[in-house]
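S.K.: I have a structure here, written as structure tokens, and I will follow up with some questions on it.
The values are calculated or read from the model by the stated rules, or taken from the named source; none is laboratory data. Just so you know, these numbers come straight off a predicted model, no measurement behind them. All Cβ positions, even for glycine, are placed from backbone atoms using ideal geometry, and neighbour counts span all protein chains on display. Ligands, DNA and RNA are excluded from the accessible area calculation, which covers all protein heavy atoms including side chains. Shrake-Rupley method; radii C 1.70, N 1.55, O 1.52, S 1.80 Å.
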Amino acid sequence: MNSTSTTNIENVNLKLRGMSCVSCASRIKSAILTVPGVAECNVNFGTEQAAVKYNPRQTSIKAIQEAVEAAGYSAYSLQEQEMVTGEDDAEQAARQAESRDLIRKIIVGGVISIILIIGSLPMMTGLNLPFIPAWLHNPWLQLILTVPVQFWCGYRFYIGAWKAFKRHAATMDTLIALGTSAAYFYSLFATVFPSFFLDRGLMPEVYYETAAVVITLILLGQWFENRARGQTSEAIRKLMGLQAKDARVIRNGREIDVPINEVQIGDTILVRPGEKIPVDGEIISGSSTIDEAMVTGESIPVKKQPGDEVIGATINKTGSFQFLATRVGKDTVLAQIVKLVQDAQGSKAPIQRLADKVTGWFVPVVIAIAIATFVLWFIFMGNVSLALITTVGVLIIACPCALGLATPTSVMVGTGKGAENGILIKSAESLELAHKIQTIVLDKTGTITQGKPTVTNYATVKGITGSIELKLLRLVATVERNSEHPLAEAIVRYAQSQNINLTEATEFEAIAGSGVQGTVSDRLIQIGTQRWMSELDIKTDALQPQKETWEADGKTVVLIAVDGELEGIIGIADAIKPSSPAAVRALRNLDLEVVMLTGDNQKTAEAIAREVGIVRVEAEVRPDQKAAKVRELQEEGKITAMVGDGINDAPALAQADVGIAIGTGTDVAIAASDITLISGELQGIVTAIKLSKATISNIRQNLFFAFIYNVLGIPIAAGILFPFFGWLLNPIIAGGAMAFSSVSVVTNALRLRKFNPSRS
């Protein structure tokens, strides 16, 4: 990696062309990292993309592209709009053209291969087959038939091998070109100079059908592989396809339809029943129910009214409304979801490291084994045909692509499936680590509860006499409206419901984890916890029985002091999310320890914990102590996940091995997390962990099959069974196995598309 400043770092995603196997991905990465100013590079063979971090003061995108081209490949930048909307006609056209070219060559190669196999049956079986015309046995005819397959259908392998040779490298194209050329040119020599063999008492056998069939089968495998790999990005295409094409904008008093990319922030947009909401915004008139399943995974429509936010690409169900556009283009929720999923699909899981190390030296080692195979068989058996068949088999059966595709294809499908279920996974590393979680730490407010607390009880030291109560409430709400805490908002809403006119507070101060204070009409108002009141040496005995009763009911109690004297208490309840108890049970059924972390007092916290089924409670924890509590759990040797939604949760989310943010929370919390639950329901944690386990299991299956295929296939192709059973692997079978090894890995990864958390 180049040494470069961490400031002014920019990201660019490059689409790559010309890769034939994971060895190519490794070379492209090395080439990019040699460019001065490049800080980091990750090349994903599965997505054919490179994610590059670079310093624009030291290099440019063009310089990076030139480095890729110098390595023998091509690259172009994926513009943000293309990444968000998928509007890349050139990319789509290139894929379609490649598919058509493959199909043409497969048809031509297939027809010729069938003719060659029929003509070679007598030689292959050693039987006299009178029903096969004699002229089909003619080696000159077979030579002529093989030429278009070898040099037109197989042209791409020769080009790839030549480019690799010029770079002093070897790729899968090298193996295929060497293997098929060995069979073809040996047969050509036997056809042109049969006497060379006859004079030595040997039969001038030809293997044209081997070269032709192997090339055709590999092309067929590539077509299937490309088709299957395309399906791994189905989730991205689905998300992109959700976006509306047009918007009905009200400008200058007139309704006009404009393309989605012409909508501007501040536009007023009209949405009718059954229509897609084009961009993100806030309702200014009208009301409706909206199907937000594409974002949250929840099938029940959500009631919306003026002041509520709406999300682009969700579906309006019942009413008409107008809304103000607040986010457009790449800033919409949908665009950010697509970007997050793309970034995750392009990232690399730690489990892939072993495969990367193997593929780095895979091709050169295979070539060395092939050479050794030829030499050993020729020396010990003196049979050039036997030596040739085994050598070609080794070159053809080896497949580094299966190793390279084993992890990224599963990650692509897994992260895409997560997005479909309202779970955004930021990286493959997060996806892998989630299945190892041992302890789940749940923040209370907004995570276990709905995060919309309401005042349920209010008492004063002097009793409720109407004017005294309202006067004190006015002082409290005046101070609290300067705070953004959910409890403060609940108090302000309660005061407004009593038609109390609020004034202005001065010298406002928020004491983290304790409370707030401010001056109103020259009186010091302090609202906060029992602990803080004790620190201020304010006696609270007068209302202690009432406070304990409310706390036993699971309510949060805040104490009110005026000029250093206790004046009242307020009881605030935050309803538990209906799904929380079931989600906690599901987490415990996964053998996970569930811990509740809250700033509330111990009694209130324990009451909430009992209701949802949590045993371990960490209460009266200040915001600045949350990360330390997570660290304590980690020091117990537990892989820990933290779930939260507020700004004060961000340090703990970052400290945890896996940070899980509630999507309904703050942007800071979401930015600090590894996984985001868009719907805000805890059941998403269960789904995320089950998805992680299913994905890692799928990756392990892929890696096992890819490794075992090569570990067993190469020795068998080299003829290790011949001394014991007199059996050699036909190069045609080797070619077929190689062609479909990658297909089998991708197909296995696609099984994740059937992931269902309720059955996992």
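S.K.: Quantify, in whole percent, the carbon and sulfur part of the accessible surface of segment 533-622 (1.4 Å probe; protein heavy atoms only).
M.R.: C and S fraction of accessible area: 44 percent.
S.K.: Can you grab the distance from the C-alpha centre of segment 436-467 to the C-alpha centre of segment 598-614, Å, no decimals?
M.R.: 10
S.K.: Can you give the FRET efficiency for Asn501 and Ser758, using 1/(1 + (r/R0)^6), R0 = 45 Å, r = Cβ-Cβ distance, to the nearest 0.05?
M.R.: Calculated transfer efficiency: 0.30.
S.K.: Mind listing the phi-derived Karplus ³J(HN,Hα) values for segment 472-484, rounded to whole Hz, using 6.51, -1.76 and 1.60 with θ = phi - 60°, and x for any glycine or proline?
M.R.: The phi angles translate into 5, 4, 5, 5, 5, 5, 4, 6, 5, 5, 7, 9, 9 Hz.
S.K.: Pairing the Cα long axis of helix 22-33 with the longest principal axis of the chain, what angle in degrees results, from 0 to 90 and rounded to the nearest 10?
M.R.: In the chain, helix 22-33 runs at an angle near 60 degrees to the longest axis.
S.K.: Can you check what the net charge comes to around Ile176, using other residues whose Cβ is under 15 Å from the Cβ of Ile176 (Lys, Arg +1; Asp, Glu -1)? Walk me through the numbers before you get to the answer.
M.R.: Details: positive: Lys105, Arg156, Lys163; negative: Asp173, Glu225.
Computed value for this residue: +1.
S.K.: Given a 1.4 Å probe and every protein chain left where it sits, what share in percent of the accessible area of segment 436-485 is carbon and sulfur?
M.R.: 47
S.K.: At 1.4 Å probe radius, can you tell me the per residue accessible area of the chain in Å²?
M.R.: 44
S.K.: Between the alpha-carbon centers of segment 726-746 and segment 679-718, tell me the distance in whole angstrom.
M.R.: That distance is 22 Å.
S.K.: What residues have an amide H closer than 5 Å to that of Gly719, excluding those fewer than 5 places away on the same chain, when H is modeled at 1.01 Å from N in the peptide plane?
M.R.: Correct list: Leu729.
S.K.: Holding the Cα-Cα limit at 27 Å, pick out from Lys339/Lys638; Lys330/Lys417; Lys276/Lys330 the pairs that are longer than that.
M.R.: Checking Cα-Cα distances, Lys339/Lys638 exceed 27 Å.
S.K.: Further, regarding this structure: If N is the number of residues in the chain, what value comes out of its Cα radius of gyration divided by 2.2 N^0.38 Å?
M.R.: In units of the 2.2 N^0.38 Å rule of thumb, it is 1.24.
S.K.: Let me ask something additional. Quick one: Cα convex hull volume of segment 355-445, Å³ per residue? Please report the intermediate quantities before stating the final value.
M.R.: Working: hull volume 11.3 nm³, N = 91.
Convex hull volume per residue, Cα atoms: 124 Å³.
S.K.: Have a look at segment 468-608 and give its Rg and Dmax from the Cα atoms, expressed in angstrom.
M.R.: That works out to 16.8, 56 Å for Rg and Dmax.
S.K.: Order Met19, Met381, Met203, Met596 by their accessible area, 1.4 angstrom probe, all chains in place, largest first.
M.R.: Listed by decreasing accessible area, they come as Met203, Met381, Met19, Met596.
S.K.: Can you give the angle from 0 to 90° between the axis of helix 580-589 and the longest principal axis of the chain, with both taken from C-alpha atoms, to the nearest 10?
M.R.: 50
S.K.: Sticking with this one: Using only Cα atoms, find the angle between the long axis of helix 208-232 and the longest principal axis of the chain, and express it within 0 to 90 degrees, rounded to the nearest 10.
M.R.: Approximately 10 degrees, to the nearest ten.
S.K.: Now for a separate question. Could you work out, for segment 435-492, what percent of all Cα-Cα pairs fall into each 5 Å distance bin, beginning at 0 Å and stopping at the bin that holds the largest distance?
M.R.: 4, 15, 18, 17, 14, 10, 8, 5, 3, 3, 2, 1
S.K.: What is the gain in length, in nm to one decimal, between Ile511 and Ile114 on full extension, counting 0.36 nm per residue of separation less the C-alpha to C-alpha distance?
M.R.: 134.7 nm
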